[in-house]
Amino acid sequence: MQTREIIQDTHREPAAEGVLIEFKDVYKSYGDNKVLNGINFSINKGENLVILGKSGSGKSVTVKCLVGLTKVDSGEIIVFGKDITKLNEDGLNSVRMKIGFLFQSAALYDSMTVRQNLVFTLQHHNKKLTEAQMESYVMDALKNVGLLESIDKFPAELSGGMKKRIGLARALIIQPEIMIYDEPTGGLDTITAREIIDLISEIKIKYKTTSIIITHDLTCAKYNSDRIIVLKDGVVKTEGHFRDIENNTDEWVRSFFEK
Amino acid sequence: MESDLKNSFLLIGSIASFSVRFFREIFKPGFEFKEFIRQCFAVGYRSLPLVTITGFIMGLVLTIQSRPAMSKFGAESWIPSMVSLSLIREIAPVITALICAGRISSGMGAELGSMKVTEQIDAMEVAAINPYRYLVITRTMATTLMIPILVFYADLIGIMGGFVGISMHSGGNLQHYFSTVFDSLEYEDILPATIKTFFFGFFIGIIGCYEGFNASGGTASVGKAANSAVVSASLSIFIIDMIAVQLTDLFF
């Protein structure tokens, strides 16, 4: 109940502290399949942006381009004032160090325990940390997602929801300025999905992150968004607050809200 | 037929490009030493039982099979020299490398393929960790270093197998056997055979990693990566062996 109040409280106007991420005419094709077709949008610092769209609309490719996992065909992606499409590997890594990414499958390293998953990420970001400091960071991160008791378990021993939480802890341990959530509630039951939605809201308050959330889940979009953009055929079809999208008269946009 | 040939050349080109990246990355600072040691343990120590059994059988069978032919020429006393030379120059390096291609290369293909399709490699990249350095450099370095050691070990076990083979028929003196074996060995028998095992090791590692790293699609691609890794690594072992034999013939 308490976390539900937090959610209501965070659903507010985005903090207008300037643009942190900007896509300018970004194109990406795989062979003849044009996935991104000149996409344009920006995200302000401290804002939670939800990207809605049907399968194949280019949502995942958009965020993969943002972190440099996929190279764009043309266009600019400005992050922290730098065009990441023109950065070399070192430059790209310096940007990536400020970004946390929760994958749809959580993408935990199978061969490592939960502790090792977190330590591995942490020690590659800050080689000067002592064992004790790392342990303290790991404990804090796991406490934040409520899974301290799973510290010595392997990913195969965790449920889908637990994996997502550990994935979140791993992303947050580097204290990112930008968080990217790829289908955070995908494949989860309603109750676990609601817990993840609560957690995203808590993260925004605690870590003051700017977030991009890719989702099909309208509950997640409703509670976690400051603004929503809807993608269709690799371009932004419409954007606005959840209530604006909900009241949109366009038949295609309305189809998201039909049961 | 034409498209198969084209695909084969494309595969060779891709593996060559993947290997060139190895030499570019290895000299950059930040070697993942802990992971390298872990891989050396996995590749070297964990292969010991398999290499012990196959090495022993190689020596034993070679001795038993060659006895009738050698007896016809009254050359039974040459069996220790023949067995040791055959093992050290050709049989132990190739058989050990093939066994390791089956065990290690397929394992790497499957492990990295699984990491690829479950986005674990992407997760490393997004976390600013170079997956090539962490996964490929360490594994390929481990196989390059461990395969020659395993081959030396297989040589020794194979020679012991040869002694058992001789003892079964005519009884034997271990000291006399080893004295005959080492008397027949020359510097040029050991050096070329050792050099080629480093190449075997390198290609076992790099091909396993290449197949895993380039797995795409669903879980079916993991099995395909493991299978392709064994086939390509085994083929590369025979090709390297053929080149090594030609070069040895020229220079030694």
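Please treat every number below as a calculation from the coordinates, not as lab data. Here the structure is a predicted model, which is why all the values come from computation and not from measurement. Glycine gets a Cβ as well: all are built from the backbone with ideal geometry, and neighbour counts include every protein chain shown.
Which number do you get for Rg(Cα) / (2.2 N^0.38 Å) in chain A? Present the calculation step by step, with values, prior to reporting the outcome.
On the way: Rg = 18.1 Å, N = 259, 2.2 N^0.38 = 18.2 Å.
Chain A yields a ratio of 1.00.
So if I place +1 on the C-beta of Lys and Arg and -1 on the C-beta of Asp and Glu, and nothing else carries charge, what would the dipole magnitude of the stretch B:44-251 be about its Cα centre? I want it in debye, nearest 20. Don't jump to the answer; show the numbers that get you there.
On the way: 10 positive and 14 negative charges, 78 e Å.
With Lys and Arg at +1 and Asp and Glu at -1, about 380 debye.
In whole Å, what three semi-axes, largest first, describe the equivalent ellipsoid of the stretch A:123-173 built from its Cα gyration tensor (square root of 5 times each eigenvalue)? Let's see the in-between values first.
On the way: eigenvalues 85, 22, 20 Å².
Over the Cα atoms of the stretch A:123-173, the ellipsoid semi-axes are 21, 11, 10 Å.
The stretch A:123-139 to the stretch B:78-119: how many Å between their Cα centroids?
So the separation of the two Cα centres works out to 39 Å.
For chain B, what does the relative contact order come out to in percent, with C-alpha contacts under 8 Å and a separation of six or more?
33
Could you list B:155, B:249 so that the one with the fewest beta carbons within 10 Å of its beta carbon is first and the one with the most is last?
Working: B:155 24, B:249 9.
Ordered from fewest to most neighbouring Cβ atoms within 10 Å, B:155, B:249 come out as B:249, B:155.
Read phi for every residue in the stretch B:152-166 and hand back ³J(HN,Hα) as whole Hz from Karplus 6.51 cos²θ - 1.76 cosθ + 1.60, θ = phi - 60°, with x for Gly and Pro.
4, 5, 5, 4, 5, 5, x, 5, 5, x, x, 5, 4, x, 5
Are there GluC sites (Glu not before Pro) in the stretch B:161-252 that DSSP puts in a loop and that have at most 14 other Cβ atoms within 10 Å, and which ones? Walk me through the numbers on the way to the answer.
Numbers: sites: B:186, B:188, B:211; in loops: B:186.
Qualifying residues, ordered by number: B:186.
If you average 1/r over every pair of different alpha-carbon atoms in the stretch A:87-220 and take one over that average, what Kirkwood value in Å do you get? Walk me through the numbers on the way to the answer.
Details: mean 1/r = 0.0664 Å⁻¹.
Radius from the Kirkwood sum: 15.1 Å.
For chain B, with a Gaussian network of springs between Cα atoms less than 10 Å apart, report the residue from B:163, B:33, B:203 with the top mean-square fluctuation.
Of the options given, B:33 has the highest mean-square fluctuation.
Rounded to the nearest Å, what's the spacing between the alpha carbon centres of the stretch B:154-197 and the stretch A:18-61? Just the number, please.
67
Over the Cα atoms of the stretch B:44-251, each weighted equally, I'd like the Debye log10 I(q)/I(0) at q = 0.12 Å⁻¹, rounded to two decimals.
-0.66
Within 10 Å of each Cβ in A:58-67, how many Cβ atoms from other chains are there, averaged over the peptide? Intermediate results must be reported in sequence, preceding the final value.
Numbers: counts 0, 0, 0, 0, 0, 1, 2, 0, 1, 5.
Taking the mean over all residues of the peptide, I get 1.
Residues with amide H under 5 Å of residue A:50's amide H, sequence separation 5 or more or different chain, H placed in the peptide plane at 1.01 Å from N; which?
Distant-sequence amide H within range of residue A:50: A:213, A:226, A:227, A:228, A:229.
Can you tell me what percent of all Cα-Cα pairs in the stretch A:141-259 are more than 16 Å apart? Let's see the in-between values first.
Values: 4446 of 7021 pairs.
Tail of P(r) above 16 Å: 63 percent of Cα pairs.
What's the magnitude of the charge dipole for the protein assembly as shown around its Cα centre, counting Lys and Arg as +1 and Asp and Glu as -1 at the beta-carbon? Answer in Debye, nearest 20.
On the way: 50 positive and 55 negative charges, 69 e Å.
For this selection, approximately 340 debye.
Quick one: compute a quarter of the convex hull surface over the Cα atoms of the stretch B:105-220 and quote it in nm². List each step's numbers first, then the result.
On the way: hull surface 40.2 nm².
Mean projected area for the stretch B:105-220: 10.0 nm², to one decimal.
Report, in debye and to the nearest 20, how large the dipole of chain A comes out about its Cα centre when Lys and Arg carry +1 and Asp and Glu carry -1 on their Cβ. Present the calculation step by step, with values, prior to reporting the outcome.
Details: 34 positive and 36 negative charges, 52 e Å.
Around 240 debye, computed over chain A.
Just want the answer: with Cβ charges of +1 for Lys and Arg and -1 for Asp and Glu, which residue in A:252, A:120, A:191 is farthest toward the dipole's positive end in chain A?
It is A:120, whose Cα lies furthest towards the positive end.
How crowded by other chains is A:83-94, given as the mean number of beta carbons from other chains within 10 Å of each beta carbon? Could you put the intermediate results ahead of the total?
On the way: counts 0, 0, 0, 0, 0, 0, 3, 1, 0, 2, 6, 1.
Average neighbour count from other chains, rounded to a whole number: 1.
Considering chain B as a Gaussian network with a 10 Å cut-off on Cα pairs, which listed residue, B:38, B:24, B:103, attains the greatest mean-square fluctuation?
Maximum fluctuation in the GNM of chain B, among the listed residues, is at B:24.
Using only the alpha-carbon atoms, what does the protein assembly as shown span along each of its principal axes? Please give whole angstrom values in decreasing order.
Principal extents (Cα only, largest first): 100, 54, 42 Å.
Through the Karplus equation 6.51 cos²θ - 1.76 cosθ + 1.60, θ set to phi - 60°, convert the phi angles of the stretch B:114-119 into ³J(HN,Hα) values in whole Hz; use x for Gly and Pro.
Residue by residue, the stretch B:114-119 yields 5, 4, 5, 6, 9, 6 Hz.
As I understand it, the dipole of the protein assembly as shown uses +1 on the Cβ of Lys and Arg and -1 on the Cβ of Asp and Glu, about the Cα centre. Which of B:234, A:69, B:15 lies farthest toward its positive end?
A:69
Principal axis extents for the stretch A:85-150, Cα atoms only, whole Å, descending order, please.
43, 31, 23
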